[in-house]
Amino acid sequence: MTNDSSSKALEFLRHNRVAVFIVAYNAEKHIGAVLKRIPDLIARNLAEIYIIDDSSTDRTLNVAREIPWPAEYAPLRVFQTPYNQGYGGNQKLGYTYAMQSGFDVVVLLHGDGQYAPESLPEIIAPFQDGYDAVFGSRFLDKGKALKGGMPLYKWLGNKMLTGIQNRLLGTRMSEMHSGYRAYRVSALRRIPFSYNADGFHFDAEIILQFHAWGLKIKEVPIPTYYGSEICRVNGIRYAWNCLRSFARYRLMKMEIFFDPKYAVPRSPSEKYISKEAPTSLHAFIRRQSFAEKAAIVDFGGGDGRQIAHHFKEHHPVLCIDRQVGDPVAGLEKIAMDLDGEWREIAGRRFDIAFALDILEHLQSPEQSARKIFHVLRSGGRLYASTGNVSYFVIRLMLLVGVFNYGRRGILDLTHTRLMTKKSFARLLANEGFRVDKMIGFGPPLRDLKKRSRLFWLLDGLSYGLARAWPSLFAYQLLAVCSRPDDIDDLVQKIFP
């Protein structure tokens, strides 16, 4: 314990409510020593120490309750689960209790004595510098883990697994498998840790959540101690679960997979990302040319940056969405609910309409397509796109029994309708349009990794396959439609 860490820890303790949470299972031989080893400085200034015995089969609960505890120390409370919750399940209970009790920081300590209570000042001190979590690491001081008794196979396994996880996450943590941790309770309130596993890889998943929410983790060196405690972790199963969790997180970041435990709430004003690659749908639309002064309406165009901005110099352009952002010179914007009555544009007519990746989000794509038909002049054109649910990747997922919604892409959580090439064309034709062309586009691989040659090659291959066989290889479908005369138009022409 250094004087600096002790003084910083004491300063933080004086102004914040810090609790030590001890997880315990069959720890009757160690729980008393763990409590006695808590430094006097810490024990006197904590808000509380609480033990949650996870339905031990030995005398852990009784031993903990019988420990003589000095009155001048922080209150010691001992709880027991009604039935075994697992390591992660026990933590969920402990952190929920911390939030309900109004603690500012909660320190996780193991009841088997594997982690040194003497290091509590080093664990608490960094919170004075604003960190959201502090992890004790046995690998920051090189060589000390082995000297402290860590078996060589565990040392190698820990190093290898941490290395792979760092690579997947893009981090440089020295150890991801220490159970000596402290969390700022306000940070715990932000993350949905209740979704996490009840097993030992709860610790891996909470790291991913802190990464997803942009929360700051500080590592501090701790001593390694291996004594008579019993290891209850199945190493192979634990490693597999950790890697699976990290792989799922990476897939979710790529919008391929969805897991609510990593779903960072999005701001209502978050902008849809424009696709820039020349093989993309947006690039194709921006390459189109129309008759001079043709009136254009962009449904669901956001703030207009994706498409509307490109045409505003040579055409009158109206951009419509729920949120359209700040005013832009030369671009008309109307904030409008496309599921509403469209009173804001009643009586107006346009030559060109864009409905890119929007119809499938609306309550009734059929009614909305019909409304678009009526705001187009006879002979006008509609460019409408949607995701292709018969994309070969989705078919392969279905083949193995997987159908996972995500935050973006074909299985976007906000989609009200899933369509194939035929069903999309049928929807538009039923509402009066003549579908002149159906064009396929691959996923925006080049935009995902702009500097990757491999992604460029895959993007080109995907583009070619999508054009050749859109019903199978198109990630997105673009319908280029004409607006023919309807009965009302013909009546006016025949009976002026």
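Within region 352-402, the set of residues being out of contact with any Leu (no Cβ under 7 Å at 6 or more places or on another chain) and of a type in the set (Phe, Trp, Tyr) comprises Phe354, Phe373, Tyr391.
Applying a threshold of 7 Å to beta carbon distances and a minimum spacing of six or more residues, or different chains, the list of pairs starting in region 176-199 at a residue that is in contact (Cβ under 8 Å) with a residue 12 or more places away in the chain and ending at one that is surrounded by fewer than 22 Cβ atoms within 10 Å (Cβ to Cβ) and basic (Lys, Arg) reads Pro192/Lys261; Phe193/Lys92; Ser194/Lys92; Tyr195/Lys261; Asn196/Lys261. Give the number of residues within region 337-384 that are touching a helix residue (DSSP H, G or I) at 6+ places or on another chain (Cβ under 8 Å), under 19 Å from Leu490 (Cα atoms) and part of a helix (DSSP H, G or I). Qualifying residue count, region 337-384: 1. Beta carbons closer than 7 Å, at least 6 apart along the sequence or on distinct chains, pair a first residue in region 403-424 that is farther than 17 Å from Gly442 by Cβ with a second that is charged (D, E, K, R) and in a loop (DSSP other than H, G, I, E, B) for Gly406/Glu255; Arg407/Glu255; Leu413/Arg407. Taking region 121-158 as the range and being modelled with pLDDT under 90 and within 27 Å of the chain's Cα centre (by Cα) as the test, only Asn158 passes.
Close Cβ contacts (under 8 Å, 6 or more residues apart or on different chains) running from residues in region 280-300 that are more than 20 Å from Lys371 (Cβ to Cβ) to residues that are of a type in the set (S, T, N, Q) comprise Leu281/Ser385; Leu281/Gln476; His282/Ser274; His282/Gln306. The single residue among Arg189, Arg184, Arg172 that is closer than 15 Å to Thr96 by Cα and surrounded by fewer than 15 Cβ atoms within 10 Å (Cβ to Cβ) turns out to be Arg189.
Within region 405-431, restricting attention to residues that are out of contact with any helix residue (DSSP H, G or I) (no Cβ under 8 Å at 6 or more places or on another chain) and among the hydrophobic types (A, V, I, L, M, F, W, C), the residue that is nearest to Ser364 (Cα to Cα) is Phe424.
Yes/no per residue for (1) farther than 30 Å from Ile31 by Cα; (2) within 21 Å of the chain's Cα centre (by Cα); (3) in a loop (DSSP other than H, G, I, E, B); (4) modelled with pLDDT of 90 or more:
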{"position": "Lys218", "(1), (2), (3), (4)": "no, no, no, yes"}
{"position": "Tyr225", "(1), (2), (3), (4)": "no, no, yes, no"}
{"position": "Ile230", "(1), (2), (3), (4)": "no, no, yes, no"}
{"position": "Arg244", "(1), (2), (3), (4)": "yes, yes, no, yes"}
{"position": "Arg248", "(1), (2), (3), (4)": "yes, yes, no, no"}
{"position": "Ile256", "(1), (2), (3), (4)": "yes, yes, yes, no"}
{"position": "Val264", "(1), (2), (3), (4)": "yes, yes, yes, no"}
{"position": "Pro268", "(1), (2), (3), (4)": "yes, yes, yes, no"}
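In region 442-481, what residues are over 15 Å from Met254 (Cβ atoms) and either outside the structural domain of Asn388 (by TED's automatic domain parsing) or modelled with pLDDT under 90 (or both)? Quick ask: steps written out before the conclusion?
Step one: filter region 442-481 for residues over 15 Å from Met254 (Cβ atoms), giving 451, 453, 456-457, 460-461, 463-474, 476-481.
Selection gives Arg451, Arg453, Trp456.
Of all residues assigned to region 172-188, at least one qualifies as being more than 24 Å from Gly86 (Cβ to Cβ), part of a loop (DSSP other than H, G, I, E, B) and more than 22 Å from the chain's Cα centre (by Cα).
The values are calculated or read from the model by the stated rules, or taken from the named source; none is laboratory data. What you see is a predicted model; the values in this text were computed from it and never measured. Backbone-built Cβ (ideal geometry, glycine too); neighbour counts: all protein chains shown.
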